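First the structure, in the form of C-alpha coordinates, and then the observations on it.
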Amino acid sequence: MEKIQHKTVSVNGIKMHVAEIGEGPAVLFLHGFPELWYSWRHQMLYFSNKGYRAIAPDLRGYGDTEIPSEISSYTAFHIVGDLIALLDILDLEKVFLVGHDWGALIAWFFCLFRPDRIKALVNLSCELRPRNPLRKPIDCLRELLGDDYYMCRFQKPGEVEEEFASIDTAKLMIGFLTSRDTRPPCIPKEIGFHQAFAQSPTTLPSWLTQEDVNYYVEKLNKTGFTGGLNYYRNMDKNWELTAPFSGCKIQVPTKFVVGELDLTYNIPGIKEYIHNGGFKKEVPSLEEVVVIEGAAHFINQEKPDEINAHIYDFIHKF
(Lines give C-alpha, C1' and ligand atoms only; values in the text may rest on other atoms or scores of the structure.)
Protein backbone atom coordinates (compact mmCIF):
# COMPACT_ATOMS: atom_id res chain seq x y z
CA MET A 1 0.00 0.00 0.00
CA GLU A 2 2.85 2.38 0.77
CA LYS A 3 3.98 2.11 -2.87
CA ILE A 4 0.74 3.68 -4.09
CA GLN A 5 1.38 7.29 -5.05
CA HIS A 6 -1.08 10.11 -4.37
CA LYS A 7 -1.49 13.46 -6.06
CA THR A 8 -4.03 16.21 -6.56
CA VAL A 9 -4.85 17.50 -10.04
CA SER A 10 -7.15 20.19 -11.39
CA VAL A 11 -9.99 18.76 -13.49
CA ASN A 12 -13.12 20.42 -14.82
CA GLY A 13 -13.01 23.23 -12.27
CA ILE A 14 -12.32 21.10 -9.15
CA LYS A 15 -9.33 19.58 -7.36
CA MET A 16 -9.27 15.78 -7.64
CA HIS A 17 -7.28 13.34 -5.50
CA VAL A 18 -5.84 10.45 -7.52
CA ALA A 19 -4.12 7.26 -6.34
CA GLU A 20 -1.80 5.59 -8.83
CA ILE A 21 0.69 2.74 -9.06
CA GLY A 22 2.50 0.85 -11.82
CA GLU A 23 3.54 1.32 -15.43
CA GLY A 24 2.00 0.04 -18.63
CA PRO A 25 -1.50 0.13 -20.16
CA ALA A 26 -3.76 2.21 -17.92
CA VAL A 27 -6.70 0.81 -15.96
CA LEU A 28 -9.06 3.43 -14.49
CA PHE A 29 -11.03 2.24 -11.44
CA LEU A 30 -14.25 4.05 -10.40
CA HIS A 31 -15.59 3.54 -6.87
CA GLY A 32 -19.18 3.62 -5.65
CA PHE A 33 -21.18 4.82 -2.64
CA PRO A 34 -20.14 5.34 0.11
CA GLU A 35 -16.58 4.52 -0.84
CA LEU A 36 -13.23 5.94 -1.95
CA TRP A 37 -10.28 5.13 -4.17
CA TYR A 38 -9.33 2.79 -1.29
CA SER A 39 -12.04 0.35 -2.37
CA TRP A 40 -9.68 -0.68 -5.20
CA ARG A 41 -6.58 -1.25 -3.03
CA HIS A 42 -6.41 -4.96 -3.87
CA GLN A 43 -6.91 -4.41 -7.58
CA MET A 44 -4.32 -1.63 -7.75
CA LEU A 45 -1.56 -3.76 -6.25
CA TYR A 46 -2.49 -6.77 -8.38
CA PHE A 47 -2.58 -4.92 -11.70
CA SER A 48 0.59 -2.95 -11.04
CA ASN A 49 2.34 -6.31 -10.53
CA LYS A 50 0.82 -7.54 -13.81
CA GLY A 51 2.34 -4.71 -15.82
CA TYR A 52 -0.51 -2.20 -15.78
CA ARG A 53 -0.82 1.40 -14.62
CA ALA A 54 -3.60 1.36 -12.02
CA ILE A 55 -5.40 4.68 -11.43
CA ALA A 56 -8.16 5.24 -8.87
CA PRO A 57 -9.49 8.72 -8.12
CA ASP A 58 -11.72 9.84 -5.30
CA LEU A 59 -14.69 10.87 -7.43
CA ARG A 60 -16.24 14.33 -7.18
CA GLY A 61 -17.72 14.81 -3.70
CA TYR A 62 -15.68 12.06 -2.03
CA GLY A 63 -12.59 11.76 0.15
CA ASP A 64 -9.79 14.17 -0.68
CA THR A 65 -11.42 15.38 -3.89
CA GLU A 66 -13.27 18.69 -3.84
CA ILE A 67 -16.94 18.67 -2.80
CA PRO A 68 -18.99 21.24 -4.74
CA SER A 69 -21.85 22.63 -2.67
CA GLU A 70 -24.55 22.68 -5.37
CA ILE A 71 -26.59 19.51 -5.95
CA SER A 72 -26.70 20.41 -9.64
CA SER A 73 -22.90 19.95 -9.83
CA TYR A 74 -23.18 16.14 -9.63
CA THR A 75 -24.74 15.11 -12.93
CA ALA A 76 -23.27 12.29 -15.00
CA PHE A 77 -21.90 14.91 -17.36
CA HIS A 78 -19.96 16.57 -14.54
CA ILE A 79 -18.50 13.27 -13.35
CA VAL A 80 -17.57 12.01 -16.82
CA GLY A 81 -16.21 15.47 -17.59
CA ASP A 82 -13.91 15.18 -14.56
CA LEU A 83 -12.64 11.82 -15.82
CA ILE A 84 -12.05 12.99 -19.39
CA ALA A 85 -10.03 15.91 -17.98
CA LEU A 86 -8.10 13.45 -15.80
CA LEU A 87 -7.18 11.30 -18.82
CA ASP A 88 -6.06 14.41 -20.68
CA ILE A 89 -3.88 15.55 -17.78
CA LEU A 90 -2.33 12.08 -17.52
CA ASP A 91 -1.82 12.07 -21.32
CA LEU A 92 -3.88 8.91 -21.76
CA GLU A 93 -5.68 8.52 -25.07
CA LYS A 94 -7.49 5.33 -24.02
CA VAL A 95 -7.90 3.28 -20.85
CA PHE A 96 -9.41 0.07 -19.62
CA LEU A 97 -12.36 1.06 -17.42
CA VAL A 98 -13.54 -0.78 -14.30
CA GLY A 99 -16.49 0.41 -12.21
CA HIS A 100 -18.47 -0.72 -9.18
CA ASP A 101 -21.83 0.50 -7.82
CA TRP A 102 -22.12 4.22 -8.72
CA GLY A 103 -18.73 3.88 -10.35
CA ALA A 104 -20.31 1.29 -12.65
CA LEU A 105 -23.19 3.64 -13.45
CA ILE A 106 -20.72 6.41 -14.26
CA ALA A 107 -18.77 3.92 -16.38
CA TRP A 108 -21.90 3.18 -18.43
CA PHE A 109 -22.35 6.93 -19.00
CA PHE A 110 -18.65 7.25 -19.87
CA CYS A 111 -18.96 4.54 -22.52
CA LEU A 112 -22.15 6.15 -23.85
CA PHE A 113 -20.67 9.66 -24.05
CA ARG A 114 -17.05 8.92 -25.02
CA PRO A 115 -16.52 5.36 -26.22
CA ASP A 116 -13.47 6.61 -28.14
CA ARG A 117 -11.54 6.82 -24.85
CA ILE A 118 -12.26 3.26 -23.64
CA LYS A 119 -10.48 0.06 -24.74
CA ALA A 120 -12.77 -2.28 -22.80
CA LEU A 121 -15.09 -2.19 -19.79
CA VAL A 122 -15.49 -4.45 -16.76
CA ASN A 123 -18.44 -3.39 -14.62
CA LEU A 124 -19.35 -4.81 -11.24
CA SER A 125 -22.76 -5.04 -9.53
CA CYS A 126 -24.82 -2.46 -11.43
CA GLU A 127 -26.13 -3.43 -14.85
CA LEU A 128 -27.12 -0.91 -17.51
CA ARG A 129 -30.86 -0.34 -17.51
CA PRO A 130 -32.49 1.12 -20.61
CA ARG A 131 -33.71 4.69 -20.41
CA ASN A 132 -37.49 4.80 -20.15
CA PRO A 133 -38.42 7.76 -22.38
CA LEU A 134 -41.78 8.19 -20.65
CA ARG A 135 -40.99 8.06 -16.93
CA LYS A 136 -38.32 9.48 -14.66
CA PRO A 137 -36.29 6.87 -12.76
CA ILE A 138 -37.33 7.94 -9.26
CA ASP A 139 -41.01 7.70 -10.25
CA CYS A 140 -40.34 4.18 -11.56
CA LEU A 141 -38.60 3.20 -8.33
CA ARG A 142 -41.42 4.59 -6.20
CA GLU A 143 -43.93 2.55 -8.18
CA LEU A 144 -41.87 -0.65 -8.03
CA LEU A 145 -40.47 -0.48 -4.49
CA GLY A 146 -42.31 2.31 -2.65
CA ASP A 147 -41.42 5.64 -1.06
CA ASP A 148 -39.31 3.93 1.62
CA TYR A 149 -36.84 2.48 -0.88
CA TYR A 150 -33.44 3.91 0.00
CA MET A 151 -32.89 5.73 -3.31
CA CYS A 152 -36.23 7.49 -2.82
CA ARG A 153 -35.36 8.29 0.79
CA PHE A 154 -32.06 9.82 -0.36
CA GLN A 155 -33.80 12.45 -2.52
CA LYS A 156 -34.56 15.11 0.11
CA PRO A 157 -31.45 17.18 0.88
CA GLY A 158 -30.30 17.03 4.48
CA GLU A 159 -32.77 14.43 5.73
CA VAL A 160 -30.59 11.35 5.39
CA GLU A 161 -27.46 13.28 6.33
CA GLU A 162 -29.12 14.06 9.67
CA GLU A 163 -29.94 10.39 10.21
CA PHE A 164 -26.43 9.27 9.27
CA ALA A 165 -24.93 11.86 11.65
CA SER A 166 -26.74 10.18 14.54
CA ILE A 167 -25.04 6.84 13.80
CA ASP A 168 -21.45 5.96 14.63
CA THR A 169 -19.61 6.16 11.30
CA ALA A 170 -17.75 2.91 11.88
CA LYS A 171 -21.01 1.06 12.55
CA LEU A 172 -22.51 2.66 9.46
CA MET A 173 -19.65 1.62 7.19
CA ILE A 174 -19.49 -1.90 8.59
CA GLY A 175 -23.24 -2.17 8.02
CA PHE A 176 -22.92 -1.00 4.42
CA LEU A 177 -19.92 -3.13 3.53
CA THR A 178 -20.93 -6.40 5.20
CA SER A 179 -24.68 -6.54 4.51
CA ARG A 180 -25.84 -9.80 2.95
CA ASP A 181 -29.53 -8.97 2.96
CA THR A 182 -30.80 -9.47 -0.58
CA ARG A 183 -34.11 -7.69 -0.01
CA PRO A 184 -34.54 -4.20 -1.50
CA PRO A 185 -33.45 -1.78 1.26
CA CYS A 186 -36.66 -0.08 2.34
CA ILE A 187 -36.24 2.14 5.41
CA PRO A 188 -39.46 3.75 6.68
CA LYS A 189 -38.94 7.14 8.30
CA GLU A 190 -40.47 5.91 11.55
CA ILE A 191 -37.80 3.20 11.75
CA GLY A 192 -34.92 5.21 10.31
CA PHE A 193 -31.44 4.24 9.25
CA HIS A 194 -30.33 4.21 12.88
CA GLN A 195 -32.50 1.17 13.55
CA ALA A 196 -31.57 -0.40 10.21
CA PHE A 197 -27.88 -0.35 11.13
CA ALA A 198 -28.41 -1.38 14.75
CA GLN A 199 -27.60 -4.99 13.85
CA SER A 200 -24.24 -4.27 12.20
CA PRO A 201 -21.86 -7.13 13.07
CA THR A 202 -19.42 -6.63 15.94
CA THR A 203 -16.92 -9.09 14.43
CA LEU A 204 -15.48 -8.15 11.07
CA PRO A 205 -15.37 -10.65 8.21
CA SER A 206 -11.92 -11.90 7.20
CA TRP A 207 -11.81 -9.64 4.13
CA LEU A 208 -12.40 -6.39 6.08
CA THR A 209 -9.89 -5.19 8.67
CA GLN A 210 -10.20 -2.57 11.36
CA GLU A 211 -7.57 -0.60 9.46
CA ASP A 212 -9.86 -0.59 6.41
CA VAL A 213 -12.81 0.62 8.48
CA ASN A 214 -10.68 3.31 10.11
CA TYR A 215 -9.60 4.68 6.72
CA TYR A 216 -13.19 5.11 5.57
CA VAL A 217 -14.24 6.58 8.91
CA GLU A 218 -11.43 9.15 8.92
CA LYS A 219 -12.41 10.46 5.50
CA LEU A 220 -16.19 10.33 6.02
CA ASN A 221 -16.00 12.08 9.37
CA LYS A 222 -14.26 14.91 7.55
CA THR A 223 -16.48 15.10 4.46
CA GLY A 224 -19.85 13.71 5.50
CA PHE A 225 -22.06 11.88 3.00
CA THR A 226 -23.63 14.74 1.04
CA GLY A 227 -21.33 14.53 -1.97
CA GLY A 228 -22.14 10.87 -2.56
CA LEU A 229 -25.85 11.36 -1.86
CA ASN A 230 -25.96 14.08 -4.50
CA TYR A 231 -25.34 11.44 -7.17
CA TYR A 232 -28.72 9.92 -6.26
CA ARG A 233 -30.31 13.36 -6.24
CA ASN A 234 -29.35 13.81 -9.88
CA MET A 235 -30.89 10.58 -11.17
CA ASP A 236 -33.90 12.41 -12.60
CA LYS A 237 -31.71 15.21 -13.94
CA ASN A 238 -29.48 12.65 -15.66
CA TRP A 239 -32.61 11.19 -17.22
CA GLU A 240 -33.55 14.62 -18.59
CA LEU A 241 -30.06 15.44 -19.87
CA THR A 242 -29.55 12.10 -21.60
CA ALA A 243 -32.69 12.37 -23.72
CA PRO A 244 -30.53 12.83 -26.86
CA PHE A 245 -28.94 9.45 -26.11
CA SER A 246 -32.24 7.58 -25.75
CA GLY A 247 -31.99 4.30 -27.61
CA CYS A 248 -28.20 4.45 -27.97
CA LYS A 249 -26.31 1.25 -27.20
CA ILE A 250 -23.03 0.57 -25.41
CA GLN A 251 -20.59 -0.48 -28.12
CA VAL A 252 -17.50 -0.97 -25.94
CA PRO A 253 -16.33 -4.59 -25.33
CA THR A 254 -17.85 -5.39 -21.93
CA LYS A 255 -17.76 -7.95 -19.14
CA PHE A 256 -20.21 -7.82 -16.23
CA VAL A 257 -19.68 -9.39 -12.80
CA VAL A 258 -22.19 -9.48 -9.94
CA GLY A 259 -22.46 -11.23 -6.59
CA GLU A 260 -25.15 -13.88 -6.13
CA LEU A 261 -26.23 -12.12 -2.89
CA ASP A 262 -25.94 -8.59 -4.27
CA LEU A 263 -29.11 -6.65 -3.48
CA THR A 264 -28.97 -5.08 -6.97
CA TYR A 265 -29.05 -8.55 -8.54
CA ASN A 266 -32.08 -9.54 -6.46
CA ILE A 267 -34.33 -6.59 -7.36
CA PRO A 268 -37.51 -7.99 -8.97
CA GLY A 269 -37.00 -8.55 -12.70
CA ILE A 270 -33.25 -7.92 -12.80
CA LYS A 271 -32.08 -11.54 -13.10
CA GLU A 272 -34.45 -12.07 -16.00
CA TYR A 273 -33.27 -8.85 -17.66
CA ILE A 274 -29.60 -9.81 -17.29
CA HIS A 275 -29.86 -13.43 -18.41
CA ASN A 276 -32.75 -13.47 -20.90
CA GLY A 277 -31.45 -11.08 -23.54
CA GLY A 278 -32.55 -7.63 -22.36
CA PHE A 279 -29.10 -6.65 -21.07
CA LYS A 280 -27.37 -7.90 -24.22
CA LYS A 281 -29.77 -5.82 -26.31
CA GLU A 282 -28.61 -2.64 -24.54
CA VAL A 283 -24.94 -3.69 -24.56
CA PRO A 284 -24.40 -5.48 -27.90
CA SER A 285 -20.69 -5.91 -27.13
CA LEU A 286 -21.41 -7.67 -23.82
CA GLU A 287 -19.13 -10.70 -24.03
CA GLU A 288 -19.53 -12.31 -20.62
CA VAL A 289 -21.74 -12.23 -17.50
CA VAL A 290 -20.37 -13.77 -14.30
CA VAL A 291 -22.30 -14.39 -11.08
CA ILE A 292 -19.99 -14.90 -8.08
CA GLU A 293 -21.47 -17.57 -5.84
CA GLY A 294 -21.93 -16.56 -2.21
CA ALA A 295 -20.74 -12.98 -2.75
CA ALA A 296 -22.67 -9.84 -1.85
CA HIS A 297 -22.47 -6.26 -3.15
CA PHE A 298 -18.92 -5.11 -2.39
CA ILE A 299 -17.33 -7.92 -4.38
CA ASN A 300 -14.08 -6.15 -5.28
CA GLN A 301 -13.28 -6.08 -1.56
CA GLU A 302 -15.00 -9.31 -0.45
CA LYS A 303 -13.60 -11.49 -3.28
CA PRO A 304 -10.50 -9.63 -4.49
CA ASP A 305 -8.66 -12.63 -5.93
CA GLU A 306 -11.65 -13.74 -8.00
CA ILE A 307 -12.42 -10.21 -9.17
CA ASN A 308 -8.78 -9.55 -10.08
CA ALA A 309 -8.72 -12.72 -12.16
CA HIS A 310 -12.00 -11.90 -13.89
CA ILE A 311 -10.83 -8.40 -14.81
CA TYR A 312 -7.41 -9.56 -15.98
CA ASP A 313 -8.77 -12.48 -18.01
CA PHE A 314 -10.90 -10.01 -19.96
CA ILE A 315 -8.67 -6.98 -20.49
CA HIS A 316 -5.45 -8.82 -21.29
CA LYS A 317 -7.03 -9.93 -24.60
CA PHE A 318 -7.04 -6.37 -25.94
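Over region 1-73, accessible surface divided per residue gives 38 Å², non-protein components excluded, 1.4 Å probe.
Beta bridges from DSSP with both residues in the chain: antiparallel share about 35 percent, rounded to the nearest 5. If you bin all the Cα-Cα distances of region 176-318 at 10 Å, starting from zero, the percentages per bin are 9, 26, 39, 23, 4, 0. Taking 0.36 nm per residue of separation and subtracting the current Cα-Cα distance, fully stretching the chain between ALA309 and SER69 would add 82.5 nm.
Comparing mean-square fluctuations of THR254, THR169, THR203 from a GNM of the chain with C-alpha springs under 10 Å, the top value falls on THR203. An ellipsoid equivalent to the chain, defined through the eigenvalues of its Cα gyration tensor, has semi-axes of 26, 24, 21 Å when rounded to whole angstrom and sorted largest first.
Taking 45 Å as R0, compute the FRET efficiency from the Cβ-Cβ separation of MET1 and LYS119 and round it to 0.05.
0.95
Net charge of the neighbourhood of TYR38, taken over other residues with C-beta under 12 Å away and scored Lys/Arg +1, Asp/Glu -1, is -4.
For LEU128, no residue has an amide H sitting under 5 Å from its own, ignoring neighbours fewer than 5 places away on the same chain, with H placed 1.01 Å from N. On the accessible surface of region 1-88, probed at 1.4 Å, how many percent belong to carbon and sulfur atoms? The C+S portion of the solvent-accessible surface of region 1-88 is 48 percent.
Within the accessible area of region 117-262, the carbon and sulfur atoms contribute 52%, probe 1.4 Å, all protein chains present.
Structural descriptor for the chain: relative contact order 20 percent, calculated from alpha carbon pairs under 8 angstrom and at least 6 residues apart. Among the GluC sites (Glu not before Pro) in region 186-249, which ones are in a DSSP loop with at most 15 other Cβ atoms within 10 Å of the Cβ? Mind listing them? Hits after loop and neighbour filter: GLU190.
In sequence order, region 154-168 has phi-based couplings of 6, 6, 7, x, x, 5, 6, 3, 5, 5, 4, 5, 8, 10, 4 Hz under the Karplus curve 6.51 cos²θ - 1.76 cosθ + 1.60, θ = phi - 60°, and Gly or Pro positions carry x. For region 57-182, the alpha carbon convex hull comes to 148 Å³ per residue, rounded to a whole number.
Excluding ligands, DNA and RNA, the accessible surface per residue across region 175-315 is 46 Å² with a 1.4 Å probe. Using R0 = 51 Å, the C-beta based FRET efficiency linking SER10 and CYS140 works out to 0.85. With each label modelled as a point 7 angstrom along the Cα→C-beta vector, the ASN266-PHE77 pair spans 3.8 nm. Please compute the Kirkwood hydrodynamic radius over region 220-291, one decimal place, Å, based on all pairs of different Cα atoms. It works out to 14.8 Å.
Using only side-chain charges placed at the Cβ, +1 for Lys and Arg and -1 for Asp and Glu, the dipole size of the chain relative to its Cα centre rounds to 720 debye. With a Förster radius of 35 Å applied to the C-beta separation of LYS94 and HIS42, the computed FRET efficiency comes to 0.90.
The values are calculated or read from the model by the stated rules, or taken from the named source; none is laboratory data. Keep in mind it's a predicted model, so treat the numbers as computed, not measured. Ideal geometry is used to build each Cβ from the backbone, glycine not excepted, and the neighbour counts take in all protein chains shown. Areas reflect the complete protein model, heavy atoms only, side chains present, ligands, DNA and RNA absent. Shrake-Rupley method; radii C 1.70, N 1.55, O 1.52, S 1.80 Å.
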